[in-house]
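**Student:** After the structure tokens below, expect a handful of questions from me.
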Amino acid sequence: MEMTEWPTELGQGLVLLAIGTIGSLLAQSTGLPAGVVIGAMLTSGLYRLAGGEIGPWRGRYGQVGRLLLGTVIGAAFGPDVLAPLKAALLPMGILVVIIVGTGLALGWILTRFTRLNIATALISVVPGGLPAMIAMSEEMDADATIVAVL
């Protein structure tokens, strides 16, 4: 990046961050489930649809976002979380097989009847936290926007 580009890029990033923050706060205040993420996604998406510029910063700062997400999720695990799971190993194993099988079937159907690539189709049907699925889709070169919408 040239030295003359960074002020513009930073400005675009700060504008988008402000727009996402406003959407996040509005969605949270209405009680929308996952309002923090969905509100930011909606307002940022509307900004882009209205012709707003974002520059190339998505890739640069996306990795920092994934790092923060992984840290927050990892910090939630501890002995107090893992202990109750021991009693549920068999039912959890059965559910994992059902969920993975269903996800593979739905992913195949999406790939077969749409123009989505296999990574985007599979990640789109995986049940899980939206931020984690978006982060994983970016790491696997899937279309994060499609994953978020589906």
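The values are calculated or read from the model by the stated rules, or taken from the named source; none is laboratory data. The structure displayed is predicted, hence computed values, not measured ones.
**Student:** Answer with yes or no whether Ser44 is closer than 21 Å to Thr145 by Cα and not assigned by TED's automatic domain parsing to the domain that holds Glu138.
**Tutor:** In short, yes.
Residue-wise test of (1) at pLDDT below 75; (2) over 22 Å from Ser137 (Cα atoms).
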| site | (1), (2) |
| --- | --- |
| Gly23 | no, yes |
| Leu32 | no, yes |
| Val37 | no, no |
| Glu53 | no, yes |
| Arg58 | yes, no |
| Gly70 | no, no |
